Amino acid sequence: MIETQQPALSRTTSTPAASSAPAVISATPLASPADLTELVYLFLLLGTALVGWGGVVLAELGLFAPGPVVVVILGALTATFLVLRRFRTGKVGPKTVDWVPVALVLLCVPLYFRPHEFILGGADAGVYVNTGVNLAHTGALLIRDPEVAQIGRDVWPSLFRAQPAGSPVGFVRFPGYYLSDDQPGLVIPQFFALQSVWIALAALAGGMRAALYMTPLWGMLGVLGLYYAGRALFGRPVGALGAFLLAITPTQVWFARYPTAEVLTQALMWGGFYAWAVFTSRDEAPRPLGLVAGLALGLTFLARIDVPYLILLPAGWLVYRLMTHQAQRRDLWFLVPFTALVIHGAVHALVFSRPYTLSTYGGVSFLAHEAAPLILVAGIIGVVGLVAIRNHSFRGDAAPFHALVEQFRYPVRIGLVAGLIGLAVYGYFIRPRLGAIQWVPYPYGATEVPLSDHENMVWLGWYLTPLGIWLGVAGMALIAWREPWRRIWFPLGLALMATVLYLYRLLNNPHHIYAMRRYVPLVIPLFTLAVAYALVWLWHSLAEDGGRRIEAVRHSSLVLRRLLPLALGLALVLWLGYQDRAVLPQVDYAGLVGQVSDLAAGVSPGSVVVFDDPAPVGSGALIGTPLQYLFGLSVFDLQVGWSRAGLAAAVRLGLGQGRPVYLLARPGGEAAQALADAGLRVELQRRATIDVPYLEWSYDHFPTAINRLVIPLDVYRVTGPAGVGMR
């Protein structure tokens, strides 16, 4: 982007009343790419957006194979090249290199590219990985499982986990894999598809281990997105410092290695905010930036289920543009791709992820009262856009509207600043003393978990540090008081909405560090950007010797103007580094890929494997899921209270087809004896042990201890006549 020749921080008067408008840190909005690094970033953002969207379509259609994928990639890269060529038409070209993103990449690579070997079932991260690798193997998002279709429904309670009453489906194949009630053998993976599609793309290119490296890439792009968004909004120093702080935050390091969709969402949102900020900064800004913003922000509807509120702000922007007679045909560069992806996201939710959508939002009542209005709003945006094509001369006099805004500017700003500070004081100091831990049932683990939403802001401070929390609050207050709302309302308004929502209610199993995933896309980047704003503002404000300063301050300013922000910044960096002490060296489940590979190699290809584990979420869910979807075995997991008829059905399926049958049993299992009693030969072949490290799961303290997941398994070969019965 074009850097101005003015100082990064414009001078301010001593009081707001002395100027007609609050001063801003970034003197002039940036208009278009001016350096090679920014052009490369735009190429990555737009290219990955097009490839990701095309990949989701292929996965939905069952056409995700090397040939169609190569066509999509080549088409996306060609389209990206043609779009970005338009930036050259405005006499702007890649003449320089901005070394800040280069430095950020060099920082992120050693921090992030040591991914957790999370291929376990029974957890969200494992579902993404197993779904993605299975997509690479089968070419389809929805899974056709012929073994399930051949198992009688009368024994499903023994082999598949029953869901609570009122759930959209009766059973799951494994945790995170719904079984269709009306299409025998159809398995519907949980979650939206974009993260799994990118895992599948990496698996096609380099196999299972390569698939684990997609998440670190998104973590790095998220840091770059915050840099460019911060630079567009507040100038290069704020963007650089905010991105650096985000890069070293424990949550960013952890979830950049943990294969869920949080850092993917973060990269899309902040990349979209960057393109949006530049696209809307002036009418002369390159129109393709609207396309980048629409694609990046719209793709979040294919990445996560909890972003419907995102549609409200673009809709509000369109209404504002129409009310003030500022709508233009160029707005369609954003509105068309964004609307298309909102509609695609709604279709995906209702067709390809229907059980997940229904279970998340409470069934049909959500569809009637929430999803339908969402689609309606998207449709209205599209219709207005089409009208704009036919009659695009909307320019008029917006002065009355702006005069009204100007009249109430200071009262609103005062109220906003007071509200931000008041909510922060309440959330950090008062709410923890008023609330109490509530123990609630957790059906998935057949246990109870403590809900401690009243501690949310304090526990966020475990990772951002208390200093980071309050510098962030100060930065948000400064932004609310000083910055033009026209530039900041969308990205910071959305981030603030997410912050208030998730600090009020986490909506997650609250064990740490896992619970912090809610804050990764928007909340923590908002705080680090606000911290950077506060420190940069302090750096410049203390450097001024305004005439109204008292004498003592004037004499001490030589020291304060540099040492105070430097001391605060250094203290925060060191504190964040200390909080990284358990996260940086730890790779969760290191060695798991090799151990599960050895276990799979110890049974014959095409085998039927039955797990016997008395735990509610046992080895059948944890290890059976990757054996099924990563290694192509047919796996059944005996459920709590299984019957001999269910065990017989799984064993007969394999023996009747002439396939090897294995029983993998934890100590205390009874299936081996039941098979022997039925006259089958059950031969113990070996004892295998899964033994890997993981960061502790804590509910009431900052996690630092390293525990070990140890799963001993007895591996039996089951043989005998296919017709042998069991009673």
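Data for the structure
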read-out	value
Residue count for region 206-222, restricted to those that are in a loop (DSSP other than H, G, I, E, B) and either touching a Cys at 6+ places or on another chain (Cβ under 6 Å) or of a type outside the set (Phe, Trp, Tyr) (or both)	1
Selected residue (only one of 46, 39, 63 is at pLDDT 80 or above, in a loop (DSSP other than H, G, I, E, B) and not aromatic (Phe, Trp, Tyr))	63
Failed item in (1) modelled with pLDDT of 90 or more; (2) loosely packed, with under 13 Cβ neighbours inside 10 Å; (3) over 30 Å from residue 514 (Cβ atoms), with residue 480 passing the rest	(2)
When residues of region 316-329 are limited to those that are touching a residue at least 40 places away in the same chain (Cβ under 8 Å) and surrounded by fewer than 16 Cβ atoms within 10 Å (Cβ to Cβ), the one farthest from the chain's Cα centre (by Cα)	325
Condition broken by residue 588, with the remaining ones in (1) part of a loop (DSSP other than H, G, I, E, B); (2) closer than 26 Å to residue 677 by Cβ; (3) among the charged types (D, E, K, R) satisfied	(2)
Test result for residue 182, in contact (Cβ under 8 Å) with a residue 40 or more places away in the chain and within 18 Å of residue 357 (Cα to Cα)	no
Selection count where residues are hydroxyl-bearing (Ser, Thr, Tyr) and within 23 Å of residue 189 (Cβ to Cβ), scope region 299-313	1
Out of 510, 441, 521, sole residue that is touching a Phe, Trp or Tyr at 6+ places or on another chain (Cβ under 7 Å) and not hydrophobic (A, V, I, L, M, F, W, C)	510
Residue 713 vs. criteria surrounded by 17 or more Cβ atoms within 10 Å (Cβ to Cβ), at negative phi, at pLDDT 95 or above and in contact with a Ser or Thr (Cβ under 9 Å, 6 or more places away or on another chain)	yes
Residue that is modelled with pLDDT of 95 or more and either touching a Leu at 6+ places or on another chain (Cβ under 9 Å) or not acidic (Asp, Glu) (or both), where the choices are 246, 233	246
Test: residue in region 347-362 that is among the hydrophobic types (A, V, I, L, M, F, W, C), crowded, with 17+ Cβ neighbours inside 10 Å, within 22 Å of the chain's Cα centre (by Cα) and assigned to a helix (DSSP H, G or I)	yes
Some residue of region 484-498 being assigned to a loop (DSSP other than H, G, I, E, B) and either over 17 Å from the mean Cα position of the chain (by Cα) or at pLDDT below 90 (or both)	yes
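The values are calculated or read from the model by the stated rules, or taken from the named source; none is laboratory data. Because the structure is a prediction, the values reported are computed rather than measured. When we count neighbours, we look across all protein chains shown, and the Cβ atoms used for this are built from the backbone with ideal geometry, even at glycine.
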